[in-house]
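Down below is the structure, laid out as C-alpha cells.
The values are calculated or read from the model by the stated rules, or taken from the named source; none is laboratory data. The structure presented is a predicted model; accordingly, all values stated were derived computationally and were not measured. Reconstructed Cβ throughout: ideal geometry from the backbone, glycine too, with neighbour counts over all protein chains shown.
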C-alpha cells in the first residue's frame, strides 16, 4: 500500500480535500481509499432525460417555460426557505397602505434591473397575476451584485408611506440551499470513488495525447486511488466536433465527427474493467447547441461499449449518490455580469447556480436555451455532487454541503483561448470518495498549466 501511495505522489497527487464539517461514523477516513473498486457492485441509475420535448419555439412555449420556472422555484422559496408571499403582486400593490410599517414579502421573477447613481438597483418584478412592481435594493445588499434577469426571488420590505410609489427592500432571498445541509455519505455507502475529467476535445490538434496516455497508464496501475475508482464522469466536449466556429477545420487532425467519436470510444475502452465512464454532451458535441441538450444520437452511442450516456444537464445516481453533471455554458453569461465570477474561478458561478437553483437563468444571452415543456435547467433536488467542465479550469470546493468540481481539460492552449487570455489547467483528475467525502487530485501534465 505504501508503494501505491508513492506512485500517486510521483504523478502529482494532492490528498484528502474534504468538507469543513463531516457527519460520519467512519473512524479511519483513509481506510475508504484502500478499498478495491472491483470488490463492489456497479450501481448506476440514470436520471430524467432532457431536451426531448417537441416544442415549436412559439411565444406560448416561452411563456410556459417561465411559468414552470416560477412555479417550481416559488415552491422552493415557500417550502424550503419559509418565504410565504403576502399575496400576489396585484393584491399587495392594491393594498400598499397595509405595508408601510409592516413588511410585505413578494415572490416574483426579475424582469428588468437598472443601476442607480448610488450603486443600488431598481428591479422590476412580475408574478403570475401579470402585475409588475419596481423595488429598490440598496448598494450594500449582496444581491445588488448577483441579481440577474429572469431570477426567481423573494423580496421583503415596505412601501414609502406618502404615495406608495417606492418599495424599499430589506431582504432578498434566493431559493438557496439552506445552511446546515450535508450531502449523503458515511459507512452505509460503498468505499469507492468517482473520477472527474472533462473537455478532452479529441480531434483537435491541441489534444494532449501524452497526458491522456499517462493518465490511462496510471488508471490501469496498482496505485491506491486508481484501484479505488468505480466511475469516470466526463461532462461534455469529449470530442472537438466540426464547424463550431469559423475556420474550425484548420485546428483539427480529424474532420469526420463520427470518426472522432469512434476513436474516443476506443480510448475509453482502455479503462480498466472496474471503471465505468459516464458521458454527457457539451457545446462541441454533435447535438443541438441549445440547452438542455439531449443524449448523443444512437449511431454515435453504438460505438461505446460500456459508457453510460446522459443529456446536458444530466442526473445519474452512482452507488447511491445523486450526481448533477452540467457542461457549464451558462457560466459564459455570468462572467460579464458578476465581478467575483471568472473563467479562472468558475466554482463561483456554480455557487450562484445552487443559490439561484438554476444553471442558466438568463434568456437570450450568449448561452442558447430551448423552451422545453418544463424548465429542465432548474435544480429542484439538491445534488450530492455538482460537476461542470467547459472553462478548462480546475477547482474543488464545497457550497453548503455540496462538493463542487470543475473538471480539468485535456486540450492545450488554442488560438481562441489566447485571444481571451485564458490559460487552461490541463490534465487533472479529481477523485471523490463516496464514503468519506474526501477528494484527491492527480496531475498528469508536467505543470498542469499550458
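For segment 132-152, the criterion of a residue being on the phi > 0 side of the Ramachandran plot and either modelled with pLDDT of 95 or more or in the same structural domain as residue 405 (by TED's automatic domain parsing) (or both) is satisfied by at least one position. The one condition from (1) in contact with a helix residue (DSSP H, G or I) (Cβ under 6 Å, 6 or more places away or on another chain); (2) part of a strand (DSSP E or B); (3) closer than 17 Å to residue 326 by Cα; (4) touching a residue at least 60 places away in the same chain (Cβ under 8 Å) that residue 442 does not meet is (3). Taking the criterion of being in the same structural domain as residue 355 (by TED's automatic domain parsing) and closer than 22 Å to residue 315 by Cα, would at least one residue in segment 212-225 satisfy it? No, that holds for no residue. Looking across segment 216-261, the residues that are part of a helix (DSSP H, G or I), farther than 30 Å from residue 190 by Cα and in contact with a strand residue (DSSP E or B) (Cβ under 8 Å, 6 or more places away or on another chain) come down to 251, 257, 260, 261.
Does residue 203 count as touching a residue at least 40 places away in the same chain (Cβ under 8 Å), in the same structural domain as residue 133 (by TED's automatic domain parsing) and touching a helix residue (DSSP H, G or I) at 6+ places or on another chain (Cβ under 6 Å)? For residue 203, the condition - touching a residue at least 40 places away in the same chain (Cβ under 8 Å), in the same structural domain as residue 133 (by TED's automatic domain parsing) and touching a helix residue (DSSP H, G or I) at 6+ places or on another chain (Cβ under 6 Å) - is not met. Per this entry, residue 358 is not counted among residues that are modelled with pLDDT of 95 or more, touching a strand residue (DSSP E or B) at 6+ places or on another chain (Cβ under 7 Å), crowded, with 21+ Cβ neighbours inside 10 Å and over 22 Å from residue 72 (Cα atoms). In the condition set (1) in a strand (DSSP E or B); (2) touching a helix residue (DSSP H, G or I) at 6+ places or on another chain (Cβ under 9 Å), residue 380 is compliant with all but (1).
In this entry, residue 273 is excluded by the filter for residues that are crowded, with 18+ Cβ neighbours inside 10 Å, touching a residue at least 40 places away in the same chain (Cβ under 8 Å) and part of a loop (DSSP other than H, G, I, E, B).
How many residues, within segment 318-341, are part of a helix (DSSP H, G or I) and either surrounded by fewer than 24 Cβ atoms within 10 Å (Cβ to Cβ) or free of Cβ contacts under 8 Å to residues at least 12 places away in the same chain (or both)? Number satisfying all stated conditions: 2. Residue 353 - would you say it is at pLDDT 95 or above, under 25 Å from residue 121 (Cα atoms) and surrounded by 22 or more Cβ atoms within 10 Å (Cβ to Cβ)? In short, yes.
The single condition among (1) surrounded by 17 or more Cβ atoms within 10 Å (Cβ to Cβ); (2) on the phi > 0 side of the Ramachandran plot that residue 68 does not satisfy is (2). Listed by position, the strands (runs of 3 or more DSSP E) inside segment 104-215 whose residues that are under 21 Å from residue 383 (Cα atoms) and under 29 Å from the mean Cα position of the chain (by Cα) number at least 2 are 152-159, 193-196.
This table checks each residue for (1) touching a strand residue (DSSP E or B) at 6+ places or on another chain (Cβ under 6 Å); (2) more than 16 Å from residue 432 (Cα to Cα); (3) crowded, with 17+ Cβ neighbours inside 10 Å; (4) modelled with pLDDT under 95.
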| residue | (1), (2), (3), (4) |
| --- | --- |
| 20 | no, no, no, yes |
| 28 | no, yes, no, yes |
| 31 | no, no, no, yes |
| 38 | no, yes, no, no |
| 41 | no, yes, no, no |
| 50 | no, yes, yes, no |
| 55 | no, yes, no, yes |
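For residues that are in contact with a helix residue (DSSP H, G or I) (Cβ under 8 Å, 6 or more places away or on another chain) and surrounded by fewer than 19 Cβ atoms within 10 Å (Cβ to Cβ), scanning just segment 106-129, find the one that is farthest from residue 73 (Cα to Cα). Restricting to residues being in contact with a helix residue (DSSP H, G or I) (Cβ under 8 Å, 6 or more places away or on another chain) and surrounded by fewer than 19 Cβ atoms within 10 Å (Cβ to Cβ), the top hit is 119. State yes or no: is residue 26 without any contact (Cβ under 8 Å) to a residue 60 or more places away in the chain and either over 24 Å from the mean Cα position of the chain (by Cα) or not assigned by TED's automatic domain parsing to the domain that holds residue 322 (or both)? No: the conditions fail for residue 26. The residues listed here are 344, 352, 373; of these, the one that is more than 16 Å from residue 312 (Cβ to Cβ), in the same structural domain as residue 288 (by TED's automatic domain parsing) and either without any contact (Cβ under 8 Å) to a residue 40 or more places away in the chain or not in a loop (DSSP other than H, G, I, E, B) (or both) is 352.
Could you check segment 306-317 and list, in sequence order, the residues that are out of contact with any helix residue (DSSP H, G or I) (no Cβ under 7 Å at 6 or more places or on another chain), in a loop (DSSP other than H, G, I, E, B) and either over 23 Å from residue 349 (Cα atoms) or outside the structural domain of residue 277 (by TED's automatic domain parsing) (or both)?
Residues of segment 306-317 that are out of contact with any helix residue (DSSP H, G or I) (no Cβ under 7 Å at 6 or more places or on another chain), as a first pass: 306, 308, 310-317.
Now narrow it down to the ones that are in a loop (DSSP other than H, G, I, E, B): 306, 310-311, 313.
306 - this is the single residue of segment 306-317 that is out of contact with any helix residue (DSSP H, G or I) (no Cβ under 7 Å at 6 or more places or on another chain), in a loop (DSSP other than H, G, I, E, B) and either over 23 Å from residue 349 (Cα atoms) or outside the structural domain of residue 277 (by TED's automatic domain parsing) (or both).
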